[in-house]
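Asks: Here it is, the structure in full.
The values are calculated or read from the model by the stated rules, or taken from the named source; none is laboratory data. None of the values given here were measured: they were computed from a predicted structure. Neighbour counts run over all protein chains shown; Cβ positions are idealised from the backbone, glycine included. Ligands, DNA and RNA are stripped out before the accessible areas are found, and what is left, the full protein with its side chains, is counted by its heavy atoms. Shrake-Rupley method; radii C 1.70, N 1.55, O 1.52, S 1.80 Å.
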Amino acid sequence: MHSYYSSAEPSGENAVVDAQVAELRRAGHTVELFARRTDEENSRPFYKLRGAFRAANMTGPTPAGLTDFRPDVVHVHNLFPNWGSQWLKAWHPKLVATLHNHRTVCSAATLWRDGHDCHECLNHGSHRALRHRCYRDSILATAPLAVATRNSASHSPVLNHARTIVVLNSAARDFYQALLPSRSVQLIPNFVESSAPASTRRGRAWLYVGRLTPEKGIRWLLQNWPRDISLHVLGSGPMAGEVARRAEQFPDRIKYVGLVSREAARQQIESARGLIIPSLWSEGIPTVALEALSSGTPILVSNRCSSAAELTRDGAGQTFEIDESGDDLVRAMAEVDARPALYQKAARARYIANFSTIAWLNRIEKVYAEIAAG
C-alpha cells in the first residue's frame, strides 16, 4: 500500500516501494501493489479538501480488491494524502507498516523545527503545530495533521493497528519502542539495487543530491563550503533559487546541476569524490546514501542524521559535526581524500553487508513469516 508523492518533487519513498515490490516478486512472492498517485489525484474536484479529511484520518478511499486478493500480509508504506485509514483496523492481524518519516506523530513529519529537534506536540499537545504553522507554513494546511497527531499520536490508525512496525535506523527503533512498548518494532533498513563498483579514479567534485529544503542542510553546506574545493548540487525544491544564486556568485567552486533523472544522478554519484549529507534533522536513511555505498562512493553524513553511525560504520565514510565554521566538514573530507581507495572499498562492503537486496529480503521475509503464521 502506497500513496505516491508528486513526480515534481522526486521521493526516495516512491523509489523504495517500487524496488521492494520488484524484489519480492523476483524472490517468488505474489505481490499486488495498491497505489494512489498524487499526479493523478490532484486533478480531481476538491482534491485539497478531500486530502484534508484523509490527513485527519476522518475519511478516504479504501483499497478495493484487497479482500478478493486475500493476502497473507498487508504492508503499508505511506497513506498520506491519498488513502483513507479506517480500513486498517480490519486488517490488524496481517498489518505491517514501514515508517519512512515521523508523519504519524508530527505534522511536519520531521520532529524538527527552526533549526532544532522539536517534540512540542508530543509533550504539550498538537495545537503547538498550529501555532508554528508546521506544514507548509499554513494554519489551514496544518490543522488536519494536528488532528491526526493529537494526544501524542494515540489516535493514529497506523500505530494502533499495525502488528509490526518497521523503522529504518536504531534511533527510530528506540523512539517508537518507547512510545509503543507493547508493539513489535523491527529495524530493517531500505536497500537499493546494486551498482557495479565504480573505478577508483574519481572526478574532482564532491556531491550533494536531494531535496533543496532547510532541514536537508543545503543552506548550511553552501555557507560553509571551502573556497578551494568543487561541489556539485543535484536536486530541486523550495530553495532552488537560492542555490542557483549562490552558484552564480561562486562559479569556481559551486555548480548547480538541478533536477536530473535517477540514472543520471547515479552516474554522477559513481564519479564523485564523495557524497555529502548535511541533514539538520534526524531523517531515517537517505536513499541517496545507499546509492553511494552501492557504487563504492564514500559518504560524509552530519551527526544530526539518525542513521549517520550506521551508514559510515567500518570505514564507509565519515560523520561530521554541524558547527558554525564548517571546520569538521573540512576535516572529514580530508580524511577521505587521504585514503580514497580504502574508503571506496569499505563503502562497497558496507552496502553488501547491510543495504543490499539480499540483506533486506532476509530480514523482511522473517517478519512476513511470523505474520503469516498468525
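Asks: Can you pull the percent of the chain's accessible area that's carbon plus sulfur, 1.4 Å probe, other chains left in place? Each step should come with its number before you reach the end.
Replies: Working: 8550 of 16950 Å².
On the chain, the fraction of accessible area on carbon and sulfur atoms equals 50 percent.
Asks: Run down the aspartates and glutamates and flag those whose C-alpha is under 12 Å from the C-alpha of residue 94, throwing out any fewer than 8 positions away in its chain.
Replies: The qualifying aspartates and glutamates are 72, 370.
Asks: Given a cut-off of under 8 Å on Cα pairs at least six residues apart, what relative contact order in percent is computed for region 181-332?
Replies: Averaging sequence separation for qualifying contacts and normalising by length gives 25 percent for region 181-332.
Asks: Please tell me the relative contact order of the chain in percent, rounded to the nearest whole number, where contacts are Cα pairs under 8 Å and at least six residues apart.
Replies: Working: 696 pairs, mean separation 54.9, N = 374.
Computed value for the chain: 15 percent relative contact order.
Asks: Continuing with the same structure: Would you mind estimating how fast region 110-239 diffuses translationally, via Stokes-Einstein at 20 °C and 1.002 mPa s with the Kirkwood radius over Cα pairs, in µm²/s? Intermediate values should be presented prior to the final figure.
Replies: Values: Rh = 18.2 Å.
My calculation gives 118 µm²/s for D.
Asks: Please compute the contact order of region 286-365 in relative form: average sequence separation of alpha-carbon pairs under 8 Å and at least six residues apart, divided by the residue count, as a percent. It would help to have the intermediate numbers written out before the result.
Replies: Values: 105 pairs, mean separation 27.8, N = 80.
After rounding, I find 35 percent.
Asks: Using every alpha carbon pair in region 222-282, what percent of pairs falls into each 5 Å bin from 0 up to the bin containing the largest distance?
Replies: Spelled out bin by bin, region 222-282 gives 4, 16, 26, 27, 21, 7, 0 percent.
Asks: Magnitude of the Cβ-charge dipole of region 210-351, K/R +1 and D/E -1, about the Cα centre, nearest 20 debye?
Replies: 360 debye
Asks: Which GluC sites (Glu not before Pro) in region 16-121 pass both tests, a DSSP loop state and at most 15 other beta-carbon atoms within 10 Å?
Replies: Numbers: sites: 23, 32, 40, 41, 120; in loops: 32.
When the GluC sites (Glu not before Pro) of region 16-121 are filtered for loop state and at most 15 Cβ neighbours within 10 Å, 32 remain.
Asks: Under a point spin-label approximation (7 Å from Cα along Cα-to-Cβ), what is the residue 372-residue 330 distance to one decimal in nm?
Replies: Taking the simple label geometry, residue 372 and residue 330 are separated by 5.6 nm.
Asks: I'd like to check one number: the per residue accessible area of region 58-112, probe 1.4 Å, reported in Å² as a whole number.
Replies: About 40 Å² of surface per residue is accessible.
Asks: Same structure, new question: Label 7 Å along Cα→Cβ of residue 193; region 223-261 residues with amide nitrogen under 20 Å?
Replies: In region 223-261, the label zone of residue 193 (backbone N under 20 Å from the point 7 Å along Cα→Cβ) covers 260-261.
Asks: Which trypsin sites (Lys or Arg not before Pro) does region 49-152 hold that lie in a coil by DSSP with at most 14 other beta carbons within 10 Å? Spell out each step's value before the answer.
Replies: Values: sites: 50, 54, 89, 94, 103, 113, 128, 131, 133, 136, 150; in loops: 103, 133, 136.
Answer in residue order: 136.
Asks: Ignoring ligands, DNA and RNA, what accessible area per residue does region 119-183 give at 1.4 Å, in Å²?
Replies: Numbers: 3200 Å² over 65 residues.
Spelled out: the 1.4 Å probe surface of region 119-183, per residue, equals 49 Å².
Asks: Over the residues of region 1-98, compute the C-alpha Rg and express it relative to 2.2 N^0.38 Å. The partial results should precede the final answer.
Replies: Numbers: Rg = 13.8 Å, N = 98, 2.2 N^0.38 = 12.6 Å.
Cα Rg divided by the expected 2.2 N^0.38 Å: 1.10.
Asks: A further question follows. Accessible area per residue, 1.4 Å probe, Å², for region 216-355: what's the number? Let's see the in-between values first.
Replies: On the way: 5670 Å² over 140 residues.
Dividing the accessible area of region 216-355 by its residue count gives 40 Å².
Asks: Here's a follow-up. Between 259, 231, 212, whose Cα lies farthest towards the positive end of the dipole of region 184-278 when Lys and Arg beta carbons carry +1 and Asp and Glu beta carbons carry -1, centred on the Cα centre?
Replies: Value: 231.
Asks: OK, next. Counting Lys and Arg as +1 and Asp and Glu as -1, each charge on the Cβ, what is the dipole of the chain about the Cα centre in debye, to the nearest 20? Don't skip to the end; give the middle numbers.
Replies: Working: 44 positive and 36 negative charges, 93 e Å.
In total the dipole reaches around 440 debye.
Asks: Sticking with this structure for a sec: I'd like the Kirkwood hydrodynamic radius of the chain, using the inverse of the mean 1/r over distinct C-alpha pairs, in Å. Before the final figure, lay out each step's value.
Replies: Values: mean 1/r = 0.0465 Å⁻¹.
After inverting the pairwise mean of 1/r, the radius is 21.5 Å.
Asks: Right, something else. Under a 5 Å amide H to amide H cut-off, with H placed in plane at 1.01 Å, what residues pair with residue 186 once short-range neighbours are removed?
Replies: Distant-sequence amide H within range of residue 186: 165, 166, 167.
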